[in-house]
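Below is one structure, written out as structure tokens; the observations come after it.
The values are calculated or read from the model by the stated rules, or taken from the named source; none is laboratory data. None of the values given here were measured: they were computed from a predicted structure. Using ideal geometry, Cβ is built from the backbone for each residue, glycine included, and neighbour counts are taken over all protein chains shown. Calculation scope for accessible area: heavy atoms of the full protein, side chains included, ligands and nucleic acids excluded. Shrake-Rupley method; radii C 1.70, N 1.55, O 1.52, S 1.80 Å.
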Amino acid sequence: MNKNMLEIGGVSVEQLAKSCQTPLYIYDEEKISTKLAQFHDLFQSDALETEVLYASKAFTCKALLELVKQHGLSLDVVSGGELYVAKQADFPMERVYFHGNNKSYEELQMALSYGIGTIVVDNAMECELLVQVAKQSGHSVKALLRVNPGVEAHTHKYIVTAHLDSKFGTSITHKEEIAHMVQTLSAIPNIHFEGFHSHIGSQIFDANAYVAEIQTLMKFVYELQEEYQIQTKALNLGGGFAAYYTAEDKPIPLSEVCSTILDTCSMEKERYQLPLCKVMIEPGRSIVAEAGSTLYRVGFTKQTANKKYVFVDGGMSDNIRPALYQAAYACDLANRMNEEKCEKVTIAGKCCESGDILIEDVMLPHAQRNDLLILYTTGAYGYSMASNYNRLGRPAVVFVKNGKARIVVKRESYEDMCMMECDELVHI
Ligand SMILES: *Cc1c(COP(=O)(O)O)cnc(C)c1O
């Protein structure tokens, strides 16, 4: 065994690179299972029914959904495509929630015909469309209404403002409009209005943001009951739980954030004497981020006037987050784990964009051509945001556990990328 070589799930990454090529998304299956089990076990309360939904936009494929299913979590999807994967994975449809601010007629129809459990309705026009689709299909479906509580969490800070211009949901200041939507939905026998949903941000480090969200929503629910006789049975508080990316990140322990949320819910339910009986959360990132890494092969290195570049065989096509929102990552040379980090370098991809930089200024051992570079915590919003920019095929995804590896998504080949091309006459 080579002590300088990183292992994940008992498998040497050199072996993975040889067998599966690079760039490669590697998931430590045990870590995903641990997070799923933690959320499931910690988000439990005596006072309220609870449900944890995995937000599948963070990363979805059949193998992952199999784990989510096994651990008894529910699922949220935001498009017909994500819903289709859930169906392919044989996910119990009554445990699927459909989000999104602009669902199409076809998507709603598809969801109802699949027997989906819940539609999270975004706006007044969607209410009308759902009523139309539900009448036609005759399927029974639950509905939550997405509201905007005006609490916004941006990583370490949260603010309570009357932020009225989010594209998601309806502001809780528009009570009459919301009451009207609830009445529209409730008028249809096969639509069952359950309550409200909100999602206040992502990579949230401060549990008080959730406290502010819950307090705001409970007051709103109480007022709606007093003014419009609307009874709220369920609240879905969204996701946003932070993950660890770099040494600067100190995520709130799950036990702490779960108990803070549940305690606040029970207290506020008591305070307003609400008939509320169920709370939900929907973590995405925090379940898969830390379990995933991306393995690259180092190609050329280049010294410029002020920088030393280390080029890798992927980049913004497999991970857009650094370019899109300056996301920070940590990395290692996976075949030089015990060597001194003596050089400050910038890790750049191979795409034709100057912004295609994965990490700016990071200390690494002296990098050589054909070394392996591992980027940590890429499990969320990495593969799911990957593209074919510059016609780079999307990487393969491999799950490792107990010294065994299995490919769960194949690498996209050149042929795959050309497969959709054709020259067909359009009949007009
Ligand atoms: C994205 C999203 C989530 C998950 O957010 P994370 O930050 O990945 O936990 C949950 N709910 C809704 C409605 C979302 O849009």
Item checked: Within segment 285-309, considering residues that are free of Cβ contacts under 8 Å to residues at least 60 places away in the same chain, open to solvent by 60 Å² or more (accessible area, probe 1.4 Å) and assigned to a strand (DSSP E or B), the one nearest to the ligand (Cβ to nearest atom) -> K302
Item checked: Failed item in (1) more than 16 Å from the ligand (Cβ to nearest atom); (2) part of a helix (DSSP H, G or I), with E213 passing the rest -> (1)
Item checked: Number of positions in segment 245-266 that are under 19 Å from Y376 (Cβ atoms) and open to solvent by 60 Å² or more (accessible area, probe 1.4 Å) -> 3
Notebook entry, point to check: Within segment 86-106, which residues are away from the ligand (no atom under 16 Å from the Cβ) and either part of a helix (DSSP H, G or I) or closer than 13 Å to V120 by Cα (or both)?
Noted result: K87, Q88, M93, E94, Y105, E106
Item checked: Test: E412 is part of a loop (DSSP other than H, G, I, E, B), touching a Lys or Arg at 6+ places or on another chain (Cβ under 8 Å) and open to solvent by 40 Å² or more (accessible area, probe 1.4 Å) -> yes
Check: Taking the condition in contact (Cβ under 8 Å) with a residue 40 or more places away in the chain, within 16 Å of the ligand (Cβ to nearest atom) and touching a Lys or Arg at 6+ places or on another chain (Cβ under 9 Å), does T118 pass?
Finding: yes
Note to self: Here is a check on your reading of the model: is L145 on the phi < 0 side of the Ramachandran plot, open to solvent by less than 70 Å² (accessible area, probe 1.4 Å) and more than 16 Å from the ligand (Cβ to nearest atom)?
What the structure shows: no
Next item on the list: Kindly establish whether G138 is open to solvent by 40 Å² or more (accessible area, probe 1.4 Å), more than 16 Å from the ligand (Cβ to nearest atom) and in contact (Cβ under 8 Å) with a residue 12 or more places away in the chain.
Entry: yes
Margin query: If T378 meets every condition in (1) closer than 20 Å to C20 by Cβ; (2) without any contact (Cβ under 8 Å) to a residue 60 or more places away in the chain; (3) β-branched (V, I, T) apart from one, which number is that one?
Written below: (2)
Next item on the list: Could you tell me whether L65 is at negative phi, within 16 Å of the ligand (Cβ to nearest atom) and not assigned by TED's automatic domain parsing to the domain that holds A396?
Entry: yes
Next item on the list: Output yes when any residue across segment 233-244 is open to solvent by 10 Å² or more (accessible area, probe 1.4 Å), away from the ligand (no atom under 16 Å from the Cβ) and either in the same structural domain as K142 (by TED's automatic domain parsing) or under 21 Å from V279 (Cβ atoms) (or both), and no when none is.
Entry: yes
Notebook entry, point to check: When residues of segment 186-204 are filtered for being assigned to a loop (DSSP other than H, G, I, E, B), open to solvent by 30 Å² or more (accessible area, probe 1.4 Å) and within 16 Å of the ligand (Cβ to nearest atom), how many remain?
Noted result: 1
Checklist line | Condition broken by Q273, with the remaining ones in (1) surrounded by fewer than 21 Cβ atoms within 10 Å (Cβ to Cβ); (2) in contact with a strand residue (DSSP E or B) (Cβ under 8 Å, 6 or more places away or on another chain) satisfied | finding: (2)
